[in-house]
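Chemist: After the structure tokens below, expect a handful of questions from me.
The values are calculated or read from the model by the stated rules, or taken from the named source; none is laboratory data. Here the structure is a predicted model, which means the values were calculated and not measured. In this analysis, Cβ positions are derived from the backbone assuming ideal geometry, glycine residues included, and neighbour counts consider all displayed protein chains. For the accessible areas, the whole protein counts, side chains as well, though only heavy atoms, and no ligand, DNA or RNA atoms are used. Shrake-Rupley method; radii C 1.70, N 1.55, O 1.52, S 1.80 Å.
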Amino acid sequence: MTYEFKLPTRQQELVRLIALGDYSAVRDTIHQLGALGYADPNKWTKLMPPGREGEYISIHTRRYAPATE
């Protein structure tokens, strides 16, 4: 006898925030969005150079339940 177990599916919406610019500007923007309660500073990717001199990039992925109508 086998039992089939199915987890409930959760409908989630996804948004990715991309911060691109000078190192200090990106870092400051990440902290400002955290202070506003919009994007947790600890959940951003590590600041990385995208290949253009003097620029850095960081990405934040935010998931949340869709708005009910």
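Chemist: Ignoring ligands, DNA and RNA, what percent of the 1.4 Å accessible area of the chain is carbon and sulfur?
Modeler: Working: 3160 of 6140 Å².
Carbon and sulfur atoms account for 51 percent of the accessible area of the chain.
Chemist: Also, quick follow-up: Between (1) 39, 20, 18; (2) 34, 32, 20; (3) 62, 31, 19, which matches Cα extents along the principal axes in Å calculated for the structure shown?
Modeler: (3)
Chemist: Residues with amide H under 5 Å of A39's amide H, sequence separation 5 or more or different chain, H placed in the peptide plane at 1.01 Å from N; which?
Modeler: Amide H neighbours of A39, under 5 Å, 5+ apart: G34.
Chemist: Right, here's the next one. Taking 25 Å as R0, compute the FRET efficiency from the Cβ-Cβ separation of Q12 and E53 and round it to 0.05. Before the final figure, lay out each step's value.
Modeler: Details: r = 37 Å, r/R0 = 1.50.
Efficiency, from the Cβ-Cβ distance: 0.10.
Chemist: If one takes the longest principal axis of the Cα atoms in the chain, at what angle in degrees, from 0 to 90 and to the nearest 10, does the Cα axis of helix 23-35 lie?
Modeler: Between helix and principal axis, roughly 40 degrees.
Chemist: A further question on this structure: Tell me the per residue accessible area of the chain using a 1.4 Å probe; a whole number in Å² is fine. Don't jump to the answer; show the numbers that get you there.
Modeler: Details: 6140 Å² over 69 residues.
Accessible area per residue, the chain: 89 Å².
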